[in-house]
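Visitor: Dropping a structure here in structure tokens format, bear with me for questions.
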Amino acid sequence: MADGSIGWWVVPVAVLGGALRVSTPFLFVSLGECITERSGRINLGLEGTLVMGAMCAYGTSYLTGSPWLGVLAAGCAGALMGLLHASICGLPRVNDIAVGIALMLFGTGLAFYLGKPLIEPSAPILPAIDFGAWSDVPQVRAALRINVLFLAGVALAPFLIWALSTTRWGLVLRTAGESADAARAMGYSVNLIRLRATMIGGFLAGIGGSFLSLYYPGSWNEGLSSGQGITAVALVIFARWNPMLCFWASLLFGGAAALGPALQSVGVSQGYYLFNAAPYILTLLIMIVTCSPKRTLVGAPAELSITR
Amino acid sequence: MKADVPRSAIAASPVNSFEPLRSAFTERIGGAAEYVVIPVLALAAALAAFGIFVALFGKNPLDLYFYMYRGAFGTAFSWQNTLSRAAPLILTALCTALPAQLGLVIIGGEGALLMGALAATSTALLLPAAPPLVVQIAMMLAGMSAGGVWIALSGGLQHYRGVNETISSLLLVYIALALLNHLVEGLMRDPASLNKPSTREIGADNMLGTIPGIDVHWGLAFGLVAAVLSYILIYRTAFGFAARVAGGNIRAARVVGLGVGRLILIVCFLAGAAAGLAGMVEVAAVQGRTNANLAAGYGFTGILVAFLARHNPLAVIPVAILLGGINASGGLLQRRLGLPDASVLVLQGMIFISVLASETLYGRFRIFRRGP
């Protein structure tokens, strides 16, 4: 009966709700990666950071009973992963992309190892705010139940634009990303700037992971993240290293990821797995359309190893 | 002036008659020894770190090393287990090692493996009446082509569209997995497979047998041949030389008129073909059908093997056996020490990090330096 009341509108409403829900990890990881890449280094290991964050958040929430402590623990675990990445990349002649791949494997392995006892118990999860209370349609209300972390991410994007463009911290960070020599000439340690940027990036990616285990899907298991981290890294390229564009791109990817479950909810189960691959296919298509072999990308930090 | 006297005295002393010998050592072996000693040190450091890690959880690290050795190389059965796992690892490692000659970082071997498995299974199911040898050859060709196209796609996108090949190859892993799940749960599903959706079996006659004498499936031989052929291609042919020139300096390669795009497409196709062959081997020698079990992480471990072997196709062989051994010992560690199955992943991650960090050590030890 509830389904019948809005008919096929269920699908767009569910996609919208999914976009608001599923986009949060994309948003946090891409904002974090955005900061790291603006400092001139790429951290491909955020997939591992995301899974570590999800595990730490769930474990902490289960042990302390406070999901917010879980979010904090996830951020700290992410920052530690960032510290590991940055301190290895700080050594001469070490390739940051390869270290990222290593941390992707290490972070996932460590999270599975430590998270083994967490698969059974259920931990308290994060609260959400009902923006859909005005509506009688249950699907609309479900779609507009918005998690606080999402709102924090929405606020973070313009804040980062401001911080990167006007603060001293942002200027120094961008200098390190555009020309390491210039930053050195100004008397800054490029390694230290990038270390901080990678740690902040890891912190945000960890928080993105906490959303996975503490809100949606809201449990810990080994199949929790399948490539959201790497999709978010690709998304930063698509968003041209601009935090606001990262936000819109996250919504787009969230919507694409919600397409499969939304269609399944109205009984279209044909091609469920293909629809689940929609974010990856979309990422690939966007990269094909927007990249060019002839020029470097607009807005790309000049020191970045993937654009050089 | 005074300082000169002892120096010339040393020059005349009999001790210095070893100097030619020493420089011959550093000239011939020292350079290569550096590429053995440093990875071995990195490996030892990772094993030590893993020992400390399990000690934190109250397990005895000495037990850990003992059971790892037992499970990997201790008995004839464990050797057999190790070598059967090394076979796909050699092939998936080539998927990263070959493009690395061109300076490309391809990490999508898992995707090529899955596509190879899918193509090989489909081929076998489409040829129900053909003799086994024909089916097996057709499976190999189909698996290699599917895997090859999958990785050539990443290489081609990199060259013609400037799309980062590391990210695109990893995205293609998830797309391949989705495609596999879609087909296995839909079009190709065997109605009899209830709990674990799978395709129909390729048939016992079509399965690859074992190599006589060592009881390891023929996939190992495929891996060894592929590694040796890759080595010859890269280091002994004009094509391989061109690839390495392009990998060292892409502008120089263009100046001397090398077709970089063609090089990238061919090398990436061969790389993907190796991983696709691994998929065919997993179907035709181990699983007998395609299902989600095939995504067992051989593609990802292969990346580690390639980096540890410094992308040398011959070095890939011993490293794959080593990592195959670590994989094989996972079961014993679970049973005897109660470690989670992810402990193998943690150890692999530690080895990977340690090996990459050790990159910084090259050229720092005087003993390895060439010449006086």
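Visitor: Which ones in the stretch A:133-157 are touching a Gly at 6+ places or on another chain (Cβ under 8 Å) and assigned to a helix (DSSP H, G or I)?
Guide: Once the filter is applied, which keeps residues that are touching a Gly at 6+ places or on another chain (Cβ under 8 Å) and assigned to a helix (DSSP H, G or I), the stretch A:133-157 yields A:Gln139, A:Val140, A:Arg141, A:Ala142, A:Ala143.
Visitor: Same structure again: Anything in the stretch A:211-223 that is within 14 Å of another protein chain (Cβ to nearest Cβ) and at pLDDT 85 or above? List them, or say none.
Guide: Selection gives A:Trp220, A:Asn221, A:Glu222.
Visitor: Given B:Leu345, B:Leu333, B:Leu294, which one is open to solvent by less than 10 Å² (accessible area, probe 1.4 Å) and within 12 Å of chain A (Cβ to nearest Cβ)?
Guide: Sole residue among the options that is open to solvent by less than 10 Å² (accessible area, probe 1.4 Å) and within 12 Å of chain A (Cβ to nearest Cβ): B:Leu333.
Visitor: List pairs: first in the stretch B:356-371 and on the phi > 0 side of the Ramachandran plot and of a type outside the set (S, T, N, Q), second open to solvent by 90 Å² or more (accessible area, probe 1.4 Å) and at pLDDT below 90, Cβ under 9 Å, 6+ apart or cross-chain?
Guide: That search, which allows pairs on different chains as well, returns B:Gly363/A:Arg93; B:Gly363/B:Arg369; B:Gly371/B:Glu27.
Visitor: How about the stretch A:27-48: which of its residues are in contact with a Gly (Cβ under 6 Å, 6 or more places away or on another chain) and of a type in the set (A, V, I, L, M, F, W, C)?
Guide: A:Leu27, A:Phe28, A:Val29, A:Ile35, A:Leu44, A:Leu46
Visitor: Under 6 Å by Cβ, and 6 or more places apart or on different chains, what pairs join a residue from the stretch B:152-180 that is in contact (Cβ under 8 Å) with a residue 24 or more places away in the chain with one that is part of a helix (DSSP H, G or I) and charged (D, E, K, R)?
Guide: As it stands, the answer is B:Ser154/B:Glu165; B:Gln158/B:Glu165; B:Val173/B:Glu110, since those pairs meet every condition given.
Visitor: For the stretch A:116-152, which positions are closer than 21 Å to A:Trp220 by Cβ and either among the polar types (S, T, N, Q) or touching a Ser or Thr at 6+ places or on another chain (Cβ under 9 Å) (or both)?
Guide: A:Leu118, A:Ile119, A:Ser122, A:Ala123, A:Pro124, A:Ile125, A:Leu126, A:Asn147, A:Leu149, A:Phe150
Visitor: A further question follows. Which residue is most open to solvent (accessible area, probe 1.4 Å), if the candidates are limited to the stretch A:71-124 and must be more than 10 Å from every other protein chain (Cβ to nearest Cβ) and more than 18 Å from A:Gly32 (Cβ to Cβ)?
Guide: A:Glu120
Visitor: If you go through the stretch B:117-141, how many residues are part of a helix (DSSP H, G or I) and exposed (fewer than 15 other Cβ atoms within 10 Å of the Cβ)?
Guide: Going through the stretch B:117-141 one residue at a time, the tally reaches 4.
Visitor: On the given criteria, is B:Arg310 outside any helix (DSSP H, G or I) and either in contact with an Asp or Glu (Cβ under 6 Å, 6 or more places away or on another chain) or crowded, with 24+ Cβ neighbours inside 10 Å (or both)?
Guide: Judged against the criteria, B:Arg310 is not a match.
Visitor: Return yes when B:Ala278 is touching a Phe, Trp or Tyr at 6+ places or on another chain (Cβ under 7 Å), among the hydrophobic types (A, V, I, L, M, F, W, C) and outside any loop (DSSP other than H, G, I, E, B) and no when it is not.
Guide: yes
Visitor: Please go through the stretch B:343-372 and pick out each residue that is among the aliphatic types (A, V, I, L, M) and modelled with pLDDT of 80 or more.
Guide: Within the stretch B:343-372, B:Val344, B:Leu345, B:Val346, B:Leu347, B:Met350, B:Ile351, B:Ile353, B:Val355, B:Leu356, B:Ala357, B:Leu361 meet the criteria.
Visitor: Restricting to the stretch B:222-238, what's the tally of residues that are in contact (Cβ under 8 Å) with a residue 24 or more places away in the chain and either in contact with a strand residue (DSSP E or B) (Cβ under 6 Å, 6 or more places away or on another chain) or loosely packed, with under 14 Cβ neighbours inside 10 Å (or both)?
Guide: Counting residues in the stretch B:222-238 that are in contact (Cβ under 8 Å) with a residue 24 or more places away in the chain and either in contact with a strand residue (DSSP E or B) (Cβ under 6 Å, 6 or more places away or on another chain) or loosely packed, with under 14 Cβ neighbours inside 10 Å (or both) gives 1.
The values are calculated or read from the model by the stated rules, or taken from the named source; none is laboratory data. All figures in this text were calculated on a predicted structure; none of them were measured in a lab. We place every Cβ from the backbone using ideal geometry, glycine too, and count neighbours over all the protein chains shown. Note: accessible area is taken over every heavy atom of the protein model, side chains too, but ligands, DNA and RNA are not part of it. Shrake-Rupley method; radii C 1.70, N 1.55, O 1.52, S 1.80 Å.
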